[in-house]
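Right, one structure below, let's go through it.
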Amino acid sequence: MKKIFSLLIVLCLTTVNGVLMAQNFALHFDGANDKIGVLDNAVLNPTEALTIEVWMNADVWAGSIWGACLLSKQGTGPDKGFGLTVGENGRVEFTHSVDQSWVAVNTPQILGLNTWYHIAGVYDGSSMKLYVNGILQSQVDVSGTFTPGTGVVMNFGDNPTWSGRRFTGTMDEIRIWNVARTDAEIQQNMTVELTGSEAGLVGYWNMNEGAGTTIADISGNGNTGTLLNMDATAWVGGFTPPGNDVGVLGIAAPSVIGSGFTNEEVIKIDVKNFSTQEVTGFDVSYQINDGEMVTETFQDVLPPFTSAIYIFSTPVDLSGQNEVAITGSVHLEGDGSPENDAITETISQTNNFMLFDHEQHNYGSSGQVHTKFLYMPDDLTGYSQILLHADLECPAGGCDPWDQPALLNILKDGYANEIVRYITPFGVACGGWVWDITDFKPLMSGKTTFESIIQAWGASGWLLNMELEFIPGTPDYPYVSVDRLWNETNWVYGDPNISYDLPEKTITINPETDAAKIRMTISGHGQGNTLNAAEFAEFTHKIWVNGSEAFPLHLWKTDCGQNACSPQNGTYLYSRAGWCPGQDIQPWEFDLDGMFTPGSDLNLDLVLAEYLNLLNTGYNGSSHTEPYFKIQAYLIQYSTDMFVGVNDQKISTPNGYFEVFPNPSSGVFTISANHTEIESVRILTMNGRIIDTRSFAGQQRFDLNLESQPDGLYILQVTTKEGVSAVKISKQ
């Protein structure tokens, strides 16, 4: 890979077999049998922390997300090691073993073919994170002991244990660290060649040989890679950092969700910096139908590979129109990729939006995971209820024959937040399922990605219909806050070698909170074990609040034979641990009335019933897995007033702070920020009406002027990648 100094590309030239060549190479994998092998070495088996980095450029996608290995050191007996894979129309997955079970974090379908991407997977002992081009895409919380791939060789381009998971495309600059690299460290060094002596670097292959059958480990640890089934044609040109490139991702406002356009519609354009250099001072424009082009200047700094919502200063009158075509565009001098500079979208508003329309999910080319990207309204306080409707139909080849878990996530702030879960029926079409998802308003405002997952093991699978219904009205509590509690997709239960004690959670209750509850979706899985658990074993678990037992959780469904999907095949008649085949799993709700104090800490604990499984530990090599629970739980807080910070002058967050210097008599409020991840700032009235919004980046200082507004209290709201924070400000 080319090394960058002062934004200049420096080429080193050398002679290979008498030919003068640029010292910047990569290796192309043909997807048939090409791979690179690296022998096992203790330094490649870190146990405390891990970071994997690679530049990749795919020619085609494998049908499954695990179908093409960029790097893999995975083994069995027990499950161990780690891997980085791509597939399923542009998804990435980082996998490693915790307590001898695979844990994975993945992205939606965000990659394209024939394009260079930097991929990084990070494990820090408590979480797994996945980055694309230096930007955090998703993360999961983990607990337990990392099981390293001791004794397992490492492959680039294939899997060493399950051969045939081959990558088709080009790779460059592969790095392995025994430390958890931070966002800033990944971004700072991803386009720069390393010396090999960096702290924590245990394997580094820059592939700059340009010829031969081996690649050297520049870290000095002797992890030489051997090219297998690859000839001289595999050596190709290496990654080159892209030049200036700004593009348009979409029209962020007006949203398609709504009851009709108004005479004060704010136009918002989602723009992205696709290059490795920060940009500023470029033109942003929009045109409605065939009307006049409106152009303004993006004056903030847009860091590399990041996006921002640009908000135009003057609202437009769209009242009386049923449908509008909006073209958003950008213009940057020296832009090297003009093909992404403009986009046109036709928008008509509705309160019933089809999220997935006969979307096939299968174990094949359609894939088990599908995403839908949607620009939602910033303010959802005008809806009293939000419902989600779902149905499953059979494709031409028939429905999948098995009862399998399925769910809908909202991808926000790097987390996959499960909001809906259901179980597919045994081979028959079914549905009519409805969930109230009003509690998740905070996750649905603004730029939102929905992720549908249906586990299916056949090439036919399912056709999913899923619709959002927004019901206008005045809710009892206009403002909602969501905190993650336990979010476990495979919590092993009863294994004598693994603790099933869930961690206690302590949440500070907002000072404005009027009501609160626990919202939990939980189901038991695994069979062929002691008591045939956890699927067919009846248990009562407990929820503790502030050190006292508060709620029983009797996890047992006895009406499986009467659900709407009957009759089915298989064992659908039998009672189960919180679910039935062909049925929606509705959440448990535990009202915390009288159990919390606004502004104080609340301690919560989920205590599972005692259980010891003596028949099966780990995957037993046949058809059963050991007992486990799927647990997704949230603390939901409600308020009649907007949630705001308790500090009138300063808000601190893990990545920085911002301060407010008011001049109440003039209505001028100076904002000073020292923060790496602020996305936007806006001023609202106390009832939530937006007065002004602007994009924001980095260490800046600017004034907000409320001179034209009446005296009173206002809300200053700051959105960062960590979430939304706010303070009250007063104009006198």
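The values are calculated or read from the model by the stated rules, or taken from the named source; none is laboratory data. Since this is a predicted model, take the numbers as computed values, not measurements. Here the Cβ positions follow ideal geometry from the backbone for every residue, glycine too, while neighbour counts run over all protein chains shown. We work out accessible area using only protein heavy atoms, side chains counted, and drop any ligands, DNA or RNA first. Shrake-Rupley method; radii C 1.70, N 1.55, O 1.52, S 1.80 Å.
For the chain, what does the alpha-carbon gyration tensor say about shape, rounded, prolate or oblate, given a ≥ b ≥ c as the root eigenvalues, a/c under 1.5 as rounded, and a/b over b/c as prolate?
Because a/c hits 1.5 or more and a/b fails to exceed b/c, the chain counts as oblate.
Let me check the size of the stretch 434-477 from its C-alpha atoms; what are the radius of gyration and Dmax in Å?
In order Rg, Dmax, the Cα atoms of the stretch 434-477 give 14.8, 46 Å.
Taking 7 Å along the Cα-to-C-beta vector as the label spot, tell me the Asp514-Asn603 distance in nanometres, rounded to one decimal.
Taking the simple label geometry, Asp514 and Asn603 are separated by 3.0 nm.
Got a number for carbon plus sulfur as a percent of the stretch 336-377's accessible area, 1.4 Å probe?
Roughly 45 percent of what the probe reaches on the stretch 336-377 is carbon or sulfur.
Taking only the alpha carbons of the stretch 15-114, what extent do you get along each of the three principal axes, in Å, biggest first?
Projected onto the principal axes, the Cα atoms of the stretch 15-114 cover 53, 34, 24 Å.
Just the number, please: carbon plus sulfur as a percent of the accessible area of the stretch 390-540, 1.4 Å probe, no ligands or DNA/RNA counted.
Details: 2440 of 5030 Å².
Reported share for carbon and sulfur atoms: 48 percent.
As a test of the formula, what do you get for the chain when each DSSP H run with n ≥ 4 contributes -39,500 (n - 2.57) and the sum is divided by the residue count, at 222 nm and rounded to the nearest 500 deg cm²/dmol?
Taken over the chain, the calculation gives -500 deg cm²/dmol.
What FRET efficiency would be calculated for the residue pair Val256, Asn189, taking the C-beta separation as r and a Förster radius of 41 Å, to the nearest 0.05?
0.55
So, for the chain, what is the accessible surface per residue at a probe of 1.4 Å, expressed in square angstrom?
It amounts to 40 Å² per residue over the chain.
So what does log10 I(q)/I(0) come out to for the stretch 200-326 at q = 0.12, 0.19, 0.21 Å⁻¹, using the Debye formula with one equal point on every Cα and no solvent?
After summing over all Cα pairs, the log10 values are -0.66, -1.05, -1.17.
Could you give log10 I(q)/I(0) at q = 0.19, 0.21 Å⁻¹ for the stretch 445-557, computed by the Debye formula over C-alpha point scatterers of equal weight, without solvent?
Relative scattering, expressed as log10 I(q)/I(0), comes to -1.31, -1.37.
Which order do the peptides 274-286, 292-304 take when ranked by the mean count of other beta-carbon atoms within 10 Å per residue, highest first?
By packing density, highest mean first, the sequence is 274-286, 292-304.
If the only charges are +1 at each Lys and Arg Cβ and -1 at each Asp and Glu Cβ, what is the size of the charge dipole of the chain around the Cα centre, to the nearest 20 debye? The partial results should precede the final answer.
Working: 34 positive and 84 negative charges, 229 e Å.
Roughly 1100 debye, rounded to the nearest 20.
Under the 0.36 nm per residue contour assumption, what length would be gained going from the current alpha-carbon distance of Val294 and Asp501 to full extension?
68.7 nm
If you wrap a convex hull around the C-alpha atoms of the stretch 361-454 and split its volume per residue, what is the figure in Å³?
Convex hull of Cα atoms, per residue: 107 Å³.
So, with a 1.4 angstrom probe, what is the percent of accessible area on the stretch 206-270 that is carbon and sulfur?
49
What spacing in nm lies between the two simple spin-label points modelled at Ser365 and Asp283, each 7 Å away from Cα in the Cβ direction?
Here the modelled spin labels are 4.3 nm apart.
Pulled fully out, how much extra length does the chain show between Arg484 and Ser126, if you take 0.36 nm times their separation in residues and subtract their Cα-Cα distance? Please report the intermediate quantities before stating the final value.
Numbers: separation 358, 0.36 × 358 = 128.88 nm, distance 1.49 nm.
Once the chain is fully extended between Arg484 and Ser126, it gains 127.4 nm.
For Glu323 and Thr182, FRET efficiency with R0 = 41 Å and r from the beta-carbon atoms, rounded to 0.05? Walk me through the numbers on the way to the answer.
Values: r = 46 Å, r/R0 = 1.12.
Using R0 = 41 Å, I get an efficiency of 0.35.
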